[in-house]
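The numbers here are math on the coordinates, done by the rules we state, and not lab data. This structure is a prediction, so every number in the text was calculated from the model and none was measured. Because the Cβ atoms are built from the backbone with ideal geometry, glycine has one as well, and the counts that use them run over all protein chains shown.
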Amino acid sequence: MMDNLTGFLISLSVALPIAAATYLWERWRLARPGGPFAKADFSGLILLAALAAAWWPYLQSQPRLIVVLLGGLGVFLVIAIVDMVGWPRVVQVLGVIAVAALISRQGISVTTVKLPFTTTFVSLGWWGPILTVVWMVICAVLFGRAASILAVPLGVATLAAATLFVVCLLEPQITGPLAPFVAITLCGACIAQVPFARLLSHKGASAGAYTVGYFIGVLSVLGALKNTAFLVALLPLIIVGVPLFAATFTYAADLRRGWRALAVAERRQHLHELLLNQGYSHLQVIGILLAGTAYLCVAAILLVVLIEVTFVLKGLFLIVAGAGGLLIFYITLRLLPRSGTDEISGKPRQVRLLGVRLHGVGLSEALAEAERFMAEDKPHMIVTLDASGVVQAREDEELHRITEEADLVAPDGAGVVLAARMLNLPIDTRCAGCDMIVDLCRVAVRRGRSVYLLGAEPGVAGAAANRLTQQIPGLEIAGYHHGYFSADEEVQIVKDIKQTRPGVLLVALGIPKQEKWIKKHLQDLQVPVCIGVGGSLDIISGHKKRAPMWMQRAGLEWLYRTIKEPRRLPRLAALPKILWMTVRELLAPQDRDI
Ligand code: UDP
């Protein structure tokens, strides 16, 4: 009798140190590009070594295990060599076909198919070997296609193997003793590699992913588990690897917007690319995909438990489980925080919120952009928009044009974040101008540049400058001026700024006055970072108090400011307005992406 637990522990404990060592080796190698093994992918060897160790005591009594192992080695070698030499992909498929044909000749072959949801088997006769080859190729290729995110094929294989093991325990008379042992050892060998997968997959790691797919295919053939394997291993990978799902999804979205927007060819993204582009992190995407697979695994186990239940009830169960799964998927996507930076270009992602252009940046990303602007030393304009700013930008044509042309339009305020979340846009954290000022000054110090403060009541800008110099060692104030200046004074202010050449110009005249002022003088002033900061100088100078931290965190800063300054009451109208516009946008969407 085969000892499942010992097999699991052996494969896990063999795979873990080899995976860790491979990981370290890859890190070392990454720092030294080139070399004879630059394109080599050794991740499949970890799997083979772990399985060989766990299966060792049984190789004599179970010669089929030797066939399976040699087949795995064959798949691994074919894929790795083709990758290294750079032959066309079709050679890999031919290699998998050859291996599948060989193992099928050695008796590892589909002989019967179980009718879905029943215990009735149909004999296949000479179709068996053909079906085996087709099945094995589908398994290997589907896993191989997801190789660029190796954690996904490895994670899916771990979950699938664990599920197949449970199914074997539930249905021992159908699956026999070999399948649970292969399942649990495969589970151990895969799980150990998941934490290291990110680095192992940096070259594509298709040899590793194909090999994992091969073993899942073999396991489903050995235990007559193809239905379950399809549900828990192939279906998730079809969703990930075939852009059909994402294409259908975007196609449907396009249809809702009318035929004019149909451009499916450009939208044929894989699901993980779609999620990454939506601002989810690599880790989140892996988590989402594996959680979806785990959900399918539970459904598959329940289907086996319900094997005696009538077909209609099982169909009903599948419909409810499918609809429930999609709902959970949708809600999870809405709730997860996202980054507004494009992973590929590293630049802030542009979105359109209710027709207004915004960048999905948080504080640190906005500061990184500001630093880049300073390094370029060309005039740049940053606008921060809260809910009232967005409403104004929709209604004020000049402000709208300014936001279209600004170098960075940062979201500010809970209303904007809420509207963006409802519209599924990658804006998750607010980036208040007030929070930015101190860090912006630090960036200026680091870059050896000074800061100019313009705006607010007389005495405020000077007091704010004082506070900032006390707080930030090395800060140089190029100058300051209050915001109630005459036309003559304005000429003098512009001259003053041009002469002192600050790296940062903080303009506190309130929206939209400050944005229009900056736009008017931007090219003339030649300041690399010009930003409208609204009432922030009043707060920094200590003339006004900022809302307590808990209110800021709860997104209630607007309430505090309105209580303190009732004259701001009319601005509150922006909140229901933005909410109403958001609901309308949800019902009749316009193009949101740029
Ligand atoms: N302000 C100014 N000149 C003007 C109008 C306004 O300097 O002609 C200043 C005003 O004193 C205040 C800031 O601009 O310090 C605007 O603050 P508000 O709270 O209205 O702006 P928000 O932060 O809401 O954009």
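Quick notes on this structure:
- Compared with the alpha-carbon gap, the fully stretched path from Leu587 to Ala554 is longer by 9.1 nm at 0.36 nm per residue.
- Taking the convex hull of Cα positions in the chain, its mean projected area over all directions (nm²): 32.6
- Nearest-ten-degree value, helix 433-446 long axis tilted from longest Cα axis of the chain: 90
- Interchain or long-range residues, amide H under 5 Å from Leu385's placed H: Ala410, Asp412
- Along the range 174-187 the Karplus relation, 6.51 cos²θ - 1.76 cosθ + 1.60 evaluated at θ = phi - 60°, assigns HN-Hα couplings of 8, 8, x, x, 6, 4, x, 5, 4, 4, 6, 6, 5, 4 Hz to successive residues, with x for each Gly and Pro.
- The angle between the Cα long axis of helix 63-85 and the longest principal axis of the Cα atoms of the chain comes to about 40 degrees, rounded to the nearest 10.
- Extension reserve of the Leu579-Val438 stretch, reckoned as 0.36 nm per residue once the Cα distance is removed: 47.6 nm
- Cut-off under 5 Å, modelled amide H: who pairs with Gly455 long-range: His481, His482, Gly483, Ala508
- Normalising by residue count, the range 402-465 has a Cα convex hull of 136 Å³ per residue.
- Between Ala323 and Ser486, the modelled labels are 7.3 nm apart [label points 7 Å from Cα along Cα→Cβ].
- Calculated FRET efficiency for the pair Gln60/Thr332, C-beta based, R₀ 41 Å, to 0.05: 0.25
- Here the relative contact order of the range 62-199, from alpha carbon pairs under 8 Å that lie six or more residues apart, stands at 18 percent.
- Residues in the range 450-461 carry Karplus couplings, in order, of 9, 10, 10, 10, 10, x, 6, 5, x, x, 6, 4 Hz; the curve used is 6.51 cos²θ - 1.76 cosθ + 1.60 with θ = phi - 60°, and Gly or Pro positions show x.
- Taking the helices alone, the chain has a mean residue ellipticity at 222 nm of -19500 deg cm²/dmol, built from -39,500 (n - 2.57) per DSSP H run of at least 4 residues and averaged over all its residues.
- For the peptides 43-56, 564-577, the ranking by mean Cβ contacts within 10 Å, running from highest to lowest, is 43-56, 564-577.
- Burial order of peptide ranges 169-175, 547-553, 181-187, 348-354 (average beta-carbon count within 10 Å, highest first): 181-187, 348-354, 169-175, 547-553
- Distance between the pseudo-spin-label points of Lys513 and Val309 (7 Å out from Cα toward the beta carbon): 6.8 nm.
- Pairwise FRET efficiency - Lys544 versus Leu569, Cβ, R0 = 25 Å, nearest 0.05: 0.90
- Applying 1/(1 + (r/R0)^6) with R0 = 45 Å to the Cβ-Cβ distance of Ile97 and Gln350 gives a FRET efficiency near 0.45.
- ³J(HN,Hα) computed for each position of the range 354-365 - Karplus, 6.51 cos²θ - 1.76 cosθ + 1.60, integer Hz, glycine/proline x: 6, x, 9, 6, 9, 9, x, 10, x, 4, 5, 5
- When each of the peptides 490-500, 97-107 is scored by the mean number of other C-beta atoms lying within 10 Å of its residues, the order from highest to lowest reads 97-107, 490-500.
- Subtracting the Cα-Cα distance of Val298 and Lys520 from their residue separation scaled by 0.36 nm leaves 73.7 nm.
- Global geometry of the range 41-121, whether rounded, prolate or oblate, following the gyration tensor of its Cα atoms and the 1.5 cut on a/c: oblate
- In this rough spin-label picture, where each label sits 7 Å from Cα along the Cβ direction, the Glu405-Trp25 distance is 5.8 nm.
- Violating pairs (Cα-Cα greater than 22 angstrom) within the set Lys378/Lys498; Lys520/Lys577; Lys347/Lys516; Lys516/Lys564: Lys520/Lys577; Lys347/Lys516; Lys516/Lys564
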